[in-house]
Amino acid sequence: MNEFSGDKAEIILAERRYKAITDILESTVNKTDENAWTYTDLFDHVFLHKFLGIPIFLALFWATFQFTFVLSEPFMVIIEMIFGWLGSLAEAGIGNPHLASFVSGGIIDGLGSVLVFVPPIFTLFLALSILEDSGYLARAAFVMDRIMYKLGLHGRSFIPLMMGFGCTVPAIMATRSMDNESDRLITILVNPLITCGARLPVYVLIAGVVFGAGQAGTAIFSLYIMSIALTIIMAFTFRKTLLKGKPSPFILELPAYMVPTAKTVVLHMWERGKVFLKRAGTIIFGTVIIIWFLSMHPWAATAGGELVGNSYIASLGHYIEPLFAPFGWDWMAAVALVFGFLAKEVVVATYGILLGVGEEAVGASLIKLGLFTPLTGYAFMAFVMIYVPCIATIGIISKETNSYKWPIFVTVYLTALAFLIAGLIIGVGRLLGFS
């Protein structure tokens with residue numbers, strides 16, 4: 001009985017299961033050349049290499065974001081032109097200034113400033129679907145398991161964490177497959193640090209403004225690497241403090257390599273991407289309308305949106321601006337971060353409404369007004385990446401842990417960590433001579 005106790009039981013059962021499979025195969029399958037290497041053997045010799053495995057993983061990850069940014073840019077321009085044209089039609093065709101502002105500035109410009117990021121989000125999901133259907137993502141989990149185990153994360157955490165690059169809500173739900181409660185809870189606590197697709201519109205906007213098209217992809221890639229690093233660091237911290245112990249063993253069956261089919265890749269992309277579209281039509285749209293109302297009223301004081309500094313939302317922004325002033329961010333950034341709690345995509349829509357421009361001109365307005373430098377812009381992106389997750393994520397953490405304690409804990413520690421990391425970026429950057 002002792003040999004089946006503790007963490008070794010899972011390993012022993014797996015070994016005996018595969019020994020039985022091997023015995024059956026040896027008695028039923030005739031091999032023409034046992035020394036011949038299959039394509040899977042050849043690829044695994046490279047992708048699972050002790051020293052090359054992680055650099056290859058990082059290189060493919062970087063290529064994924066370069067692919068995302070370059071391929072999606074023409075489609076973003078087309079969407080910008082369409083919504084800019086619709087906004088002009090609304091302003092010219094509606095006689096009532098109040099209604100014209102609502103339709104053009106609230107609905108068209110606000111929603112358009114979010115939908116313009118459909119191409120990069122779907123392109124990212126397309127690339128991840130190709131990697132998944134090819135069989136590589138399982139190898140990535142295998143390669144990362146040794147490091148993850150040493151730093152306190154279970155190897156099986158890799159799949160929920162990878163899902164977190166799409167959306168944190170289903171990623172946290174995916175932790176139900178983990179047997180050990182401590183492993184599962186650590187994965188839930190650090191999953192919001194994995195930068196989800198909702199944050200990508202903010203990265204694309206700010207990185208494009210402060211770094212330009214040539215360096216934006218690399219800047220975004222560095223944020224994803226920072227995201228992974230912080231996830232591992234916090235998992236290690238929680239393992240050594242709140243949830244002590246060793247991760248349970250990780251057993252993974254590697255699938256054969258396959259050439260992804262267009263149909264399955266597109267279906268996987270759509271299944272993940274439609275979550276963004278649903279959010280754009282519900283939470284994001286509702287939040288955009290609230291932001292428009294607060295930025296345009298009192299109507300007389302704002303002169304129909306021309307004097308947004310007299311609005312309700314400006315009063316809120318100036319009240320909380322001192323919290324973010326040390327980072328070089330103004331009241332608009334403060335407001336964007338507050339409403340970003342509801343949905344991270346709203347950060348971009350908030351700027352569109354506050355600047356009084358369509359989605360095609362948000363980036364140009366940010367450049368013209370000089371609201372961000374490369375240093376303050378990068379710190380802002382890092383803050384958005386880390387700080388309190390969206391309200392849907394808080395809700396699913398409460399449901400999965402059956403507690404209000406852990407959602408509150410996640411909110412507090414992530415917000416504190418965001419201030420710490422953004423402050424370090426600004427401080428170190430200024431010491432190095434960046435402004």
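See the values below:
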{"item": "Entries in K278/K399; K240/K405; K240/K344; K50/K263; K344/K399 that, when Cα-Cα distance is taken, lie over 25 Å", "result": "K240/K344; K50/K263"}
{"item": "Among 131-140, 322-331, the order from most to least packed when residues are scored by Cβ within 10 Å on average", "result": "131-140, 322-331"}
{"item": "Cβ-Cβ FRET estimate between A262 and E91, R0 fixed at 35 Å, reported to 0.05", "result": "0.25"}
{"item": "Nonlocal amide H pairs with L371, under 5 Å, H built at 1.01 Å", "result": "none"}
{"item": "HN-Hα J in Hz across segment 334-340 - Karplus 6.51, -1.76, 1.60, θ = phi - 60°, x for Gly and Pro", "result": "4, 5, 4, 5, 4, 6, x"}
{"item": "Which of H268, H45 has the fewest Cβ neighbours within 10 Å, and the rest in rising order", "result": "H45, H268"}
{"item": "Relative contact order of segment 347-435, pairs being alpha-carbon contacts under 8 Å that are 6 or more residues apart, as %", "result": "32 percent"}
{"item": "Additional length obtainable on full extension of the chain from L42 to L323, 0.36 nm per residue less Cα span", "result": "95.7 nm"}
{"item": "Calculated FRET efficiency for the pair L432/K19, C-beta based, R₀ 51 Å, to 0.05", "result": "0.35"}
{"item": "Order of T38, T373, T187 - criterion: other Cβ atoms within 10 Å of each residue's Cβ, fewest first", "result": "T38, T373, T187"}
{"item": "Inter-centroid distance (Cα atoms) of segment 60-97 relative to segment 399-435, Å", "result": "31 Å"}
{"item": "Translational diffusion coefficient (Stokes-Einstein; Kirkwood radius from C-alpha pairs) of segment 310-435 at 10 °C, 1.306 mPa s, in µm²/s", "result": "102 µm²/s"}
{"item": "Whole-Hz couplings from phi, Karplus 6.51/-1.76/1.60, listed for segment 413-421; x for Gly and Pro", "result": "5, 5, 5, 4, 5, 5, 4, 5, 5"}
{"item": "Residues whose placed amide H lies under 5 Å from that of F165, excluding near-sequence neighbours", "result": "none"}
{"item": "Cleavage-rule hits (chymotrypsin sites (Phe, Trp or Tyr not before Pro)) in segment 398-435: DSSP loop, at most 12 neighbouring Cβ within 10 angstrom", "result": "Y404"}
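Read-outs: derived from the displayed coordinates by stated rules, not from any lab. Owing to the predicted nature of the structure, the values given are computational and were not obtained by experimental measurement. Note that we place each Cβ from the backbone using ideal geometry, even for glycine, and neighbour counts take in every protein chain shown.
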